[in-house]
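What follows is a short report on a single structure.
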């Protein structure tokens with residue numbers, strides 16, 4: 001990242017970055033889950049006259065704005081101060097919330113579309129800059145652990161939000177009425193503003209300014225440049241499938257099983273909290289069997305659960321499989337993110353975070369297709385189609401077995417090897433470890 005003056009950043013400031021971003025993600029996810037997930041989708045569904053297609057179009061506006069702006073956001077993040085970009089995001093959040101509150105209060109689709117565009121812009125800038133800065137603030141060799149932690153915090157927030165919604169619905173009325181949904185959604189939107197205070201006062205930082213690790217832990221390996229493209233590619237395939245299904249789960253339970261708002265919020269509270277537990281399980285699995293192995297195991301199990309969800313009819317079984325499927329699918333994200341960050345240099349993390357934002361938001365285009373399919377056929381038929389798409393993404397993980405070392409490497413371990421052998425020999429040692437899948441043995445010196 002280009003800077004006019006190189007500043008020395010202390011370890012205390014790096015740790016402060018990490019904790020501020022953890023607090024931001026925790027608080028924001030609580031209120032975002034109230035304002036932008038299941039209840040908001042159902043609100044749009046009711047306001048549009050029970051139309052899944054309308055929900056798909058609304059999701060597409062937000063997502064497509066992120067896709068269009070992700071590239072410029074990545075360039076900005078790699079050429080400007082990432083902390084300054086996040087400060088801009090804090091100001092932009094106030095405008096996005098104000099327009100959202102106005103749109104919901106007036107039940108006005110055009111105003112809501114503008115608010116979705118503003119939040120799409122906010123998300124493109126915030127995701128790109130915050131994850132790049134967060135990764136820079138984490139010591140090399142610890143990214144999987146700390147990316148798992150921020151993911152767990154996020155997911156616990158997305159579980160806590162629906163619990164808070166339960167109390168709000170109990171007070172305002174547990175009915176599918178626009179007047180009831182107005183109050184709950186507006187409280188959710190307003191609650192996002194305090195979270196953005198934590199985006200102010202961050203410090204630009206890099207753990208990898210000097211030395212052989214400056215290019216990233218594994219970016220000197222043969223075929224290293226292929227790994228980020230593979231990660232983003234399988235993310236795109238996964239996101240296309242997710243867009244056809246995920247946004248419609250609340251409507252599936254409302255329409256097929258007659259659930260009321262409180263029941264759906266309780267379900268999504270358990271759903272979100274399960275993400276945190278399974279993310280922890282995936283992290284532990286990765287420590288013992290390797291990151292690629294854990295990713296393939298959890299993603300494949302998620303595919304099986306989605307096919308089961310399409311054919312099961314007994315509600316208790318459907319609920320259990322629904323929760324487990326979502327937890328498995330979401331638990332692998334921090335593992336994939338840690339691999340991506342280990343294979344790209346710090347100076348390119350902004351653009352690769354942007355590329356991943358493009359891939360993760362590509363589900364927005366498929367949300368329109370999902371809405372049409374569900375209106376034309378039914379929810380379960382779309383689940384089957386999504387299952388096959390997820391299976392393709394899982395198979396794309398297989399080449400990573402030949403490219404990604406099983407264990408992470410700390411900066412001190414990499415520096416030790418560099419002092420002992422030539423640069424070419426470092427590559428040979430690391431490549432041999434990839435093939436033998438036993439990198440830990442190389443560092444037991």
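Data overview
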item: Flag if residue 43 is buried (at least 19 other Cβ atoms within 10 Å of the Cβ), closer than 27 Å to residue 370 by Cα, modelled with pLDDT of 85 or more and over 19 Å from the mean Cα position of the chain (by Cα); result: yes
item: Residue ID - nearest to residue 237 (Cα to Cα), chosen from residues in region 373-383 that are exposed (fewer than 15 other Cβ atoms within 10 Å of the Cβ) and in contact (Cβ under 8 Å) with a residue 24 or more places away in the chain; result: 381
item: Checking residue 314 against (1) touching a helix residue (DSSP H, G or I) at 6+ places or on another chain (Cβ under 7 Å); (2) under 30 Å from residue 45 (Cα atoms); (3) without any contact (Cβ under 8 Å) to a residue 24 or more places away in the chain, the condition it does not meet; result: (1)
item: Every residue from region 331-362 that is modelled with pLDDT of 80 or more, assigned to a helix (DSSP H, G or I) and within 14 Å of residue 234 (Cα to Cα); result: 333, 335, 336, 337, 339, 340
item: Residue within region 85-103 that is within 30 Å of residue 139 (Cα to Cα), surrounded by fewer than 18 Cβ atoms within 10 Å (Cβ to Cβ) and modelled with pLDDT under 85 present; result: no
item: Residue that is surrounded by the fewest Cβ atoms within 10 Å (Cβ to Cβ), among those in region 136-146 that are part of a helix (DSSP H, G or I) and modelled with pLDDT under 80; result: 145
item: Residue tally, condition at pLDDT below 80 and either part of a helix (DSSP H, G or I) or in contact with a helix residue (DSSP H, G or I) (Cβ under 8 Å, 6 or more places away or on another chain) (or both), over region 4-22; result: 0
item: Test: residue in region 275-294 that is within 27 Å of residue 44 (Cα to Cα) and assigned to a helix (DSSP H, G or I); result: yes
item: Residues that are assigned to a helix (DSSP H, G or I), under 20 Å from residue 254 (Cα atoms) and either at pLDDT 80 or above or under 17 Å from the mean Cα position of the chain (by Cα) (or both), drawn from region 374-385; result: 379, 380, 381, 382, 383, 384
item: Number of the condition not met by residue 304 [criteria: (1) touching a helix residue (DSSP H, G or I) at 6+ places or on another chain (Cβ under 7 Å); (2) modelled with pLDDT of 85 or more]; result: (1)
item: Test: residue in region 106-120 that is closer than 17 Å to residue 42 by Cα, out of contact with any helix residue (DSSP H, G or I) (no Cβ under 7 Å at 6 or more places or on another chain), touching a residue at least 40 places away in the same chain (Cβ under 8 Å) and surrounded by fewer than 22 Cβ atoms within 10 Å (Cβ to Cβ); result: yes
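Conditions (1) over 24 Å from residue 341 (Cβ atoms); (2) under 15 Å from the mean Cα position of the chain (by Cα); (3) at pLDDT 90 or above; (4) surrounded by fewer than 19 Cβ atoms within 10 Å (Cβ to Cβ), marked per residue:
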position	(1), (2), (3), (4)
254	yes, no, no, no
269	yes, no, no, no
276	no, yes, no, no
279	no, yes, no, no
289	no, no, no, yes
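Residue-by-condition table, conditions (1) at pLDDT 85 or above; (2) over 28 Å from residue 41 (Cα atoms):
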site	(1), (2)
165	yes, no
168	yes, no
182	yes, no
200	yes, yes
209	no, yes
215	no, yes
234	yes, no
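The values are calculated or read from the model by the stated rules, or taken from the named source; none is laboratory data. All values derive from a computational prediction rather than experimental measurement. Neighbour counts are summed over all protein chains in view; Cβ atoms, including those assigned to glycine, are modelled from backbone coordinates with ideal geometry.
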